[in-house]
Amino acid sequence: MEKIIVCIKGVPKPGSIKVDPETHTLKRENMELILNPNDRPALEMALRLKNTYNTEVVVISMGPPNVIPLLKYIYALGADQIILLSDRAFAGSDTLATSYVLAKAIEKLSPFSLVLMGLKSIDGETAQVPPETASLLGIPSLTNVKDLFMERGKWIAIREMDYGEEEIEVTPPIVASVSPLAFDYIRPPSLKRLLEVKTKEPLICQVKDLNLDPQRLGLQGSPTQVIEVFEKKIETKGLVLEGSPEELVEKLIEILKDKGLIKF
Amino acid sequence: MFEKIKLEDLSKENILAYGEFYKGELNSSSLEILSPLKEIAQTLNKKLILVSLIGSLENIKDWEEIKKSLADEVWFVINEELKDFREDLYTEVLVKIVKFSQPYGFFFPATKIGMSLAPRVAGALQVGLCAHVNNLEVKDNQIIMARPTYGENIIAKLISKSIPIMATISLGAFGIKYGEKEPSIKEIIFPEDFVWKSKLKIRRFAPSKKKPTKLSTAKVIVAGGRGLKNKETFQKLFELANLLGAEVGATRPVCYEGWVEEERMIGISGVTVRPKVYIGFGISGALQHTVGMENSEFIIAVNTDKEAPLVKIANLALIGDAGKILELLLKNLSK
Ligand SMILES: Cc1cc2nc3c(=O)[nH]c(=O)nc-3n(C[C@H](O)[C@H](O)[C@H](O)COP(=O)(O)OP(=O)(O)OC[C@H]3O[C@@H](n4cnc5c(N)ncnc54)[C@H](O)[C@@H]3O)c2cc1C
Ligand SMILES: Cc1cc2nc3c(=O)[nH]c(=O)nc-3n(C[C@H](O)[C@H](O)[C@H](O)COP(=O)(O)OP(=O)(O)OC[C@H]3O[C@@H](n4cnc5c(N)ncnc54)[C@H](O)[C@@H]3O)c2cc1C
């Protein structure tokens, strides 16, 4: 089987995002990156497929250099190759520009049988990158995939739709986003690999390595633009009440009435 | 039956809304998105058109809804191959319609189908796509779209510089409204040489047994965690939900304990919710849970521990035994 490519994203650690009240932009300095939690099931699926079909797993990420430790961690999980797509020109990319860079990098890694991604990131949260990348590559995409296996050279995918579960047959290569609920067990890194990875560095690719059209990158290549971000005001400063259950319930009912949930 | 119209005769510069049909039924989310789009269309002096891809006319069960809808026109593409949703073929059909009718905007409900389809269409057209928009306004002739983003109560306002302006619109963000005039219905005729082919083959379909929970769009949620101690106490949440017109949510451990089905899990591995009121009984407020509910408008926490993270982010926290408070609340409410 041709190789499997997994795309992962470094996302700010929850709690570390702040809005600059003056400029209405996100303060990104001092942001600590973590692996997008929804990418773990995608990696787990890739590594299970690797065991079953004895194929290679290549992990790529577009992002700043502080994604490197995340990629090294993924190497310790069992990936065969780790690649960082990093260039100042990528800054400010929306999903179209991101998908363009990923599609170009994936193309360069051809032939491949499968590209796996997380369902959505926990920062941008659009869930658009997987189908959009597939569209740019001109190959089929499936979202919310729970299970994937090969039968007579074709992928059989189980995916969750709003109306039920579908079993789909499709010829490789495809892009699939993996359901966050796909696995009960997700492997930890192996000790041996954790030691090995100390000396392992990801391959770093820049614009010049990928034959990219500069017009389609970063802010310039991003038709959607965030013009303002603001924090939603919190209605009251958290009121903490102690007392007897009777007193507390009385207060609760008062609030529920105030919110129009109980009418009397 | 209706006016048949060729691709090249389609009217231009309209606002298109994707009308999601599945096995003959129009998803109500497609009617929801017409509400804000109608206002936008009127402000910009454009027509609002519902575009639907279907296998055959015979199966359609929702004629009444379509006729009452806010759309000015409904465009159908009808072909046996469109019976099932298959993203590659559906994309090609929609891209053709866009190429010929050059719409000003194209909007999708953020259903699973909408979220699989819209990015493919946007990618093929190389235009921008805003996700999960829950507010739209026109300012200086420009559509400004707002969407909540992860945690921290951060709302982002976006514009899209490419045409058509595209977005998926959050489920439940808008109520369904009806129009005064019946839309005119047209069937788009595709050229003879169009290839109705998909690389996807649906081998099996298992309809969901349970009715899908309305958690993600619920206006009120009563959720429970391990602090409720056992399944019996947890089940009382359903009584409360009934009284408040709420949906029941849960943390991951209690779903795994089997107190309630997994569809009710809120958080990173479950559903993201944004109710007006969220009440958490015996929930610690681990990050994996709170990322799924912290954009709720008003959060109430019931916990014995003053230091629990959910107590910290709550608008109102009641420090006490969750089971007792739940029981007493039910008693008082059913009086
Ligand atoms: C406040 C805010 C709002 C935004 N709103 C929009 C919007 O409405 N429309 C829009 O087009 N852009 C938007 N963006 C930009 C968007 O977040 C970025 O384009 C981002 O690079 C990719 O989108 P995502 O995080 O939503 O990914 P998703 O599509 O949610 O991610 C799904 C999967 O794609 C893969 N993936 C995503 N990014 C990468 C990457 N850099 N490298 C490798 N794999 C990756 C991962 O497997 C991930 O799990 C917004 C950004 C911000 C800060
Ligand atoms: C990869 C991953 C993904 C996860 N995804 C999710 C997810 O999507 N959703 C999710 O919810 N969790 C998720 N979790 C689990 C999450 O980390 C927490 O463990 C979980 O949310 C805690 O559930 P809980 O609040 O019910 O239980 P606990 O953390 O045990 O909290 C119980 C709370 O009840 C209080 N309490 C105890 N007795 C009483 C009493 N008599 N009356 C009132 N209060 C009482 C305690 O003070 C405590 O605060 C995930 C974990 C991982 C590792």
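The values are calculated or read from the model by the stated rules, or taken from the named source; none is laboratory data. Just so it is clear, the structure is predicted and the values come from calculations on it, not from any experiment. Virtual Cβ from ideal backbone geometry, glycine too; neighbours counted across all protein chains shown. In case anyone asks, the SASA skips ligands and DNA or RNA and just uses the protein heavy atoms, side chains included. Shrake-Rupley method; radii C 1.70, N 1.55, O 1.52, S 1.80 Å.
The table for this structure:
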read-out	value
Whichever residue in the stretch A:87-104 is more than 9 Å from ligand 1 (Cβ to nearest atom) and farther than 30 Å from B:G270 by Cα and, among such residues, is surrounded by the fewest Cβ atoms within 10 Å (Cβ to Cβ)	A:R88
Count of the stretch B:319-335 residues which are open to solvent by less than 10 Å² (accessible area, probe 1.4 Å) and either closer than 17 Å to A:L261 by Cβ or charged (D, E, K, R) (or both)	3
In the stretch B:147-170, the residues that are over 23 Å from B:E32 (Cα atoms) and not in a loop (DSSP other than H, G, I, E, B)	B:I154
Cross-chain or 6+ apart pairs with Cβ under 9 Å, the stretch B:103-119 first and over 13 Å from B:L171 (Cα atoms), then among the charged types (D, E, K, R) and assigned to a loop (DSSP other than H, G, I, E, B)	B:P103/B:K12; B:P103/B:E13; B:P103/B:K46; B:Y104/B:K12; B:Y104/B:E13; B:Y104/B:K46; B:G105/B:K46; B:L117/B:E20
Residue match in the stretch B:208-221 (condition: within 16 Å of ligand 2 (Cβ to nearest atom) and either at the interface with chain A (Cβ under 8 Å from one of its Cβ atoms) or exposed (fewer than 15 other Cβ atoms within 10 Å of the Cβ) (or both))	no
Candidate set: the stretch B:297-318, residues that are open to solvent by 10 Å² or more (accessible area, probe 1.4 Å) and more than 9 Å from chain A (Cβ to nearest Cβ); chosen: the one nearest to A:D123 (Cα to Cα)	B:P309
Qualifying residue in the stretch A:56-76 (condition: polar (S, T, N, Q) and closer than 30 Å to A:E167 by Cβ)	no
Wholly within the stretch B:276-335, helices (runs of 4 or more DSSP H) carrying at least 1 residues that are of a type in the set (D, E, K, R)	B:309-313, B:322-333
Residue satisfying condition, being open to solvent by less than 30 Å² (accessible area, probe 1.4 Å) and out of contact with any Cys (no Cβ under 7 Å at 6 or more places or on another chain), within set B:D84, B:D88	B:D88
Residue pairs meeting the criteria (Cβ under 8 Å; at least 6 apart or on separate chains; first open to solvent by 10 Å² or more (accessible area, probe 1.4 Å), in the stretch A:107-118; second more than 15 Å from ligand 1 (Cβ to nearest atom) and not in a loop (DSSP other than H, G, I, E, B))	A:L109/A:K3; A:P111/A:K3; A:F112/A:K3
Residue check, A:S110 in contact with a helix residue (DSSP H, G or I) (Cβ under 8 Å, 6 or more places away or on another chain) and either away from ligand 1 (no atom under 11 Å from the Cβ) or closer than 22 Å to B:R147 by Cα (or both)	no
Residue in the stretch B:133-146 that is outside any strand (DSSP E or B), at positive phi, open to solvent by 40 Å² or more (accessible area, probe 1.4 Å) and not aliphatic (A, V, I, L, M) present	yes
Members of the stretch B:245-270 that are in a strand (DSSP E or B) and either open to solvent by less than 30 Å² (accessible area, probe 1.4 Å) or within 16 Å of ligand 1 (Cβ to nearest atom) (or both)	B:V248, B:G249, B:A250, B:M265, B:I266
So B:S198, is it at the interface with chain A (Cβ under 10 Å from one of its Cβ atoms), out of contact with any Pro (no Cβ under 6 Å at 6 or more places or on another chain), more than 16 Å from ligand 1 (Cβ to nearest atom) and at pLDDT 95 or above	yes
The listed residue being within 16 Å of ligand 2 (Cβ to nearest atom) and either farther than 17 Å from A:V197 by Cβ or away from chain B (no Cβ under 13 Å) (or both), out of A:L116, A:L85, A:L77	A:L77
Any hit, the stretch A:134-142, residues being under 27 Å from B:N295 (Cβ atoms), modelled with pLDDT of 95 or more, open to solvent by 20 Å² or more (accessible area, probe 1.4 Å) and more than 16 Å from ligand 2 (Cβ to nearest atom)	no
Exclusive hit being at positive phi, charged (D, E, K, R), in the same structural domain as B:L171 (by TED's automatic domain parsing) and open to solvent by 20 Å² or more (accessible area, probe 1.4 Å), set B:K96, B:K23	B:K23
